[in-house]
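J.: Before anything else, here's the structure in question.
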Amino acid sequence: MTINKYQGKTKEEAIEKAKQELGANAVVLNIKEIKPKGMFRMFKDTTYEVTAAVEEREKFENSLSNTASPLKKPEGIHLTADEKIDISKLQETADRSGNTQGNTLYGAQKPEQGKVSPMKERKSENGNEGLEKRLENLSNILEKQLSVEGKRKDERLESQTANPEGFKFVKMLYRTLLENDVNEKYVNQIMDEAEKILHSGSSVDSILSNVYQKMILKFGQPDSINLAGKKPKIIFFIGPTGVGKTTTIAKIASRYKVEEGMKVAFLTADTYRIAATEQLRVYANILDAPMSVIYTVEEMNAAIQRLGDYELIFVDTAGFSHKNEAQCEDMRRLLAGLDGSYDKETYLVLSATTKYSDLVQITDVYREIADYKLIFTKLDETSTYGNILNVKLHSGALLSYMTTGQNVPDDIEEFDTQKIVKKLLGGR
C-alpha cells in the first residue's frame with residue numbers, strides 16, 4: 001500500500017490531487033483541516049490535508065497465483081505512517097510460500113491457478129480496515145495535540161506582548177495595507193519586521209514610526225534625470241499603449257525648458273498610433289523645440305547628430321502589448337542601436353490603475369529589452385497605491401516621477417515617497 005498526503009485550499013482540491021497521482025482507485029483515509037498559525041492567522045485562509053492510499057493488489061494477487069516459483073521480496077519498501085516493518089517475517093512468509101507442491105498456503109488449501117481464495121481476500125480487507133482505523137486514530141490524536149499546542153503558542157504570544165494596544169494597532173496596519181492593494185507577500189515582510197518591536201513595550205507612535213521608516217526604505221530614493229555626463233543626453237520613454245508617455249514627455253521637457261532654461265529636442269518613433277506624431281508636434285511648437293520623426297535606427301542616429309548642440313533629446317516610442325514579440329524585438333533593436341558615444345537613460349511609463357498581475361508581466365518583458373527607471377501615471381484615477389510598492393519591490397527598478405493629471409506641465413513631480421507611504425498607511 002502506498003500512502004501519501006496532499007494539501008489544497010479546499011477538500012475537493014486536495015482529493016483531486018490525490019486521485020491524479022494515485023489513480024481513480026485511491027482511498028481517502030483521513031481529511032484534516034489545517035488552520036493558519038501565527039499572529040496574523042485571522043487574515044490567512046484555512047487549508048485541507050488529505051491522507052490517501054492505493055492498494056497494489058494486482059501485483060500481490062499475481063504473485064500469489066504463481067505457486068510454481070517462490071515469492072520474490074519487494075524491490076522497494078515504503079515506510080508510511082511510522083509503521084514498523086519486520087523484514088524477518090517477510091522472509092518467513094516468502095519461505096513458506098515457496099514449499100513444494102502439495103503444501104498448504106498459510107494453512108489453507110492451495111487456490112486454483114490465477115485465483116485468490118475468498119478467505120485470503122477477506123483477511124486482506126480486514127487488515128486494510130485495521131490499518132485505516134489506526135491511521136485515522138493517529139491522525140486525530142496528532143491533530144488535537146497540534147491544535148492545543150497552537151492555541152498555547154498564540155496565548156503565550158499575546159501574553160508576552162508588552163503592549164496589547166500595539167498588537168491591535170499592528171493588525172489594523174496589516175488590514176490597511178491589504179486594502180491598499182499591497183501584495184500580501186510584501187505586507188507580511190513589513191509586518192514581520194514590525195512584530196519584532198512589539199515585545200519591547202513600544203508605544204503606538206513608535207510602532208507607526210518604525211513601519212513608516214521601513215516602507216520609506218523599501219521605496220528608496222527617487223532618481224530623476226541625471227544631467228551629468230556628455231551632451232546631448234538621450235532620454236527614451238517606453239511602455240504599454242495608453243499609459244500617457246507623450247504627455248509625460250511634454251511635462252518633463254517643459255520643466256527643463258522653462259525652469260532650467262535648457263535646450264531640449266524631440267524625436268518620435270511612434271508611427272503606429274493615429275495622431276501621435278501631431279500630438280508631440282503641438283507640444284514641440286509650444287516649447288519652440290525641434291521635432292523629428294524616425295523610422296529606423298539609422299535615422300535616429302542621424303537626427304541626434306544634427307541636434308548635437310542640444311542638452312536633452314526626448315525620444316517617444318510606440319506603445320505596444322508586452323505579448324507582441326515582434327514589436328518587442330523592434331524596440332530592443334532601437335534602444336540597442338543608439339550610437340555608443342551618447343549617454344542615455346530609459347524610463348518605463350506605467351499606469352497606477354493597471355492590475356498587479358499585468359504589471360508583473362510588463363516589467364518582466366521590458367526588463368529583457370533594457371534597464372529602466374519607473375514613472376507612474378494616473379495617480380489621480382485611483383484610490384489605492386499598493387501596486388507602486390509591489391512593482392518597485394518586484395522589479396527592483398528605481399522610481400523617478402509620478403503624474404496626477406493631464407495638465408502640462410503642472411501635473412507631474414519627482415516621486416514623493418513620503419506622500420505615498422502616508423496614503424498606504426491610511427493617511428490623507
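J.: For K263 and R175, what is the calculated FRET efficiency with R₀ set at 60 Å and r taken between the beta-carbons, to the nearest 0.05?
T.: Values: r = 51 Å, r/R0 = 0.85.
Efficiency computed from Cβ-Cβ geometry: 0.70.
J.: To continue, here is another question. Put a dot 7 Å past each Cα toward the Cβ at S357 and D205; how far apart are the dots in nm?
T.: Label at D205, label at S357, 4.4 nm between them.
J.: Quick one: which residues, 5 or more positions from L399 or on another chain, have an amide H under 5 Å from its amide H? H modelled 1.01 Å from N in the peptide plane, none for Pro or chain starts.
T.: D223, L374
J.: If amide hydrogens are placed 1.01 Å from N in the peptide plane, which non-local residues have theirs closer than 5 Å to the one on D270?
T.: The list, which skips near neighbours in sequence, is A318.
J.: Taking 0.36 nm per residue of separation and subtracting the Cα-Cα distance, what length does fully extending A275 through A302 add?
T.: Contour length minus the Cα-Cα distance gives 7.3 nm.
J.: Which residues does a label at E193 reach in region 218-245, if reach means a backbone N under 11 Å from a point 7 Å past the Cα toward the Cβ?
T.: 218-220
J.: Now a separate question. Would you mind checking which residues have amide H under 5 Å from E413's amide H? H placed 1.01 Å from N; only 5 or more apart, or other chain.
T.: Those qualifying (amide H under 5 Å, at least 5 residues apart or on another chain) are M402.
J.: If you only keep lysine pairs separated by 8 or more in sequence, or across chains, how many in region 212-270 come under 26 Å at the Cα atoms?
T.: 16
J.: Over all distinct alpha-carbon pairs, what is the Kirkwood Rh of region 262-368 in angstrom?
T.: Value: 15.2 Å, from the Cα pair sum.
Each reported figure results from applying straightforward, stated rules to the coordinates on display, with no laboratory input. Remember, it's a predicted structure, so these values are computed and weren't measured experimentally. Heads up, the Cβs are rebuilt from the backbone with ideal geometry, glycines too, and the neighbour counts pull from every protein chain shown.
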